[in-house]
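Could you have a look at this structure, given as structure tokens, before my questions?
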Amino acid sequence: MLEIVYAHEQWDKERPSVFLAGPSPREERHYNWRPEAIELLQRIDFDGAVFIPLPRDGNWLDDYDAQVAWELKYLDRATAIAFWIPRDRENLPAFTTNVEFGMFVKSGKIALGYPKKAIKMRYLHALAEMEGVPIATTLEATIQHAIRIALR
């Protein structure tokens, strides 16, 4: 059964887990790809946890340091990290995502995905190839790669 763990919620079980890394919407009108990723995980009956770096109720905390600490804790804790990067310069620039990708590219636990139309992905793609990271151009394929990594 899939357990969904949102930002600032605690989880301490020893089960496979996937962190959904990538740009986060800051306004309601911005694209939020994570519900689709959760649906994919549920559809394939992933028996583990998914870490979502967004607040469950949609209200961001004022404590930025607590958000950073939570994300780093669960990025490290996850058995796999699915980087889905539908980068858009105006609404989803993914600056933080670039840093997180660089921190974990050598971890052996990431999958990289981005739509073909995403901008500024050459460098991340090249790093992924150098490190043997699986690369996909659909969210579904990215999630499938991450699940294979999580279940190793």
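The values are calculated or read from the model by the stated rules, or taken from the named source; none is laboratory data. In this text the structure is predicted, and so the values were computed from the model without any measurement. Heads up, the Cβs are rebuilt from the backbone with ideal geometry, glycines too, and the neighbour counts pull from every protein chain shown.
Does residue 56 satisfy the criteria of being under 19 Å from residue 27 (Cβ atoms) and buried (at least 19 other Cβ atoms within 10 Å of the Cβ)? So that I can check it myself, show each step before the final result.
On the way: under 19 Å from residue 27 (Cβ atoms): yes; buried (at least 19 other Cβ atoms within 10 Å of the Cβ): no.
For residue 56, the condition - under 19 Å from residue 27 (Cβ atoms) and buried (at least 19 other Cβ atoms within 10 Å of the Cβ) - is not met.
Here are some residues: 44, 4. Which one is over 21 Å from residue 95 (Cα atoms), surrounded by fewer than 20 Cβ atoms within 10 Å (Cβ to Cβ) and touching a Phe, Trp or Tyr at 6+ places or on another chain (Cβ under 9 Å)? Full working, then the answer.
Numbers: 44 fails: touching a Phe, Trp or Tyr at 6+ places or on another chain (Cβ under 9 Å).
Of 44, 4, the one residue that is over 21 Å from residue 95 (Cα atoms), surrounded by fewer than 20 Cβ atoms within 10 Å (Cβ to Cβ) and touching a Phe, Trp or Tyr at 6+ places or on another chain (Cβ under 9 Å) is 4.
Here's a follow-up. Give region 121-152 a look and list any residue that's out of contact with any helix residue (DSSP H, G or I) (no Cβ under 6 Å at 6 or more places or on another chain), under 17 Å from residue 20 (Cα atoms), in a helix (DSSP H, G or I) and of a type outside the set (A, V, I, L, M, F, W, C), or say none.
Of everything in region 121-152, those that are out of contact with any helix residue (DSSP H, G or I) (no Cβ under 6 Å at 6 or more places or on another chain), under 17 Å from residue 20 (Cα atoms), in a helix (DSSP H, G or I) and of a type outside the set (A, V, I, L, M, F, W, C) turn out to be 142, 144, 145, 148.
For region 122-143, how many residues meet the condition of being farther than 18 Å from residue 51 by Cβ and touching a Pro at 6+ places or on another chain (Cβ under 9 Å)? Steps first, answer last, please.
At the first step, the residues of region 122-143 found to be farther than 18 Å from residue 51 by Cβ are 122-138, 140-141.
Now drop any that are not touching a Pro at 6+ places or on another chain (Cβ under 9 Å), which leaves 128, 137-138, 141.
Number of matching residues: 4.
Let me ask something else. Among the residues of region 9-60, write down those that are over 28 Å from residue 119 (Cα atoms), touching a helix residue (DSSP H, G or I) at 6+ places or on another chain (Cβ under 8 Å) and at pLDDT below 95.
Across region 9-60, the qualifying residue is only 44.
Among the helices (runs of 4 or more DSSP H) confined wholly to region 32-120, which include 2 or more residues that are over 22 Å from residue 2 (Cβ atoms) and among the β-branched types (Val, Ile, Thr)?
Details: elements: 34-43, 64-77, 95-104.
Passing ranges, in order: 95-104.
Looking at this structure, is residue 136 touching a His at 6+ places or on another chain (Cβ under 7 Å), farther than 20 Å from residue 6 by Cβ and surrounded by 21 or more Cβ atoms within 10 Å (Cβ to Cβ)?
Details: touching a His at 6+ places or on another chain (Cβ under 7 Å): yes; farther than 20 Å from residue 6 by Cβ: yes; surrounded by 21 or more Cβ atoms within 10 Å (Cβ to Cβ): no.
The answer is no for residue 136.
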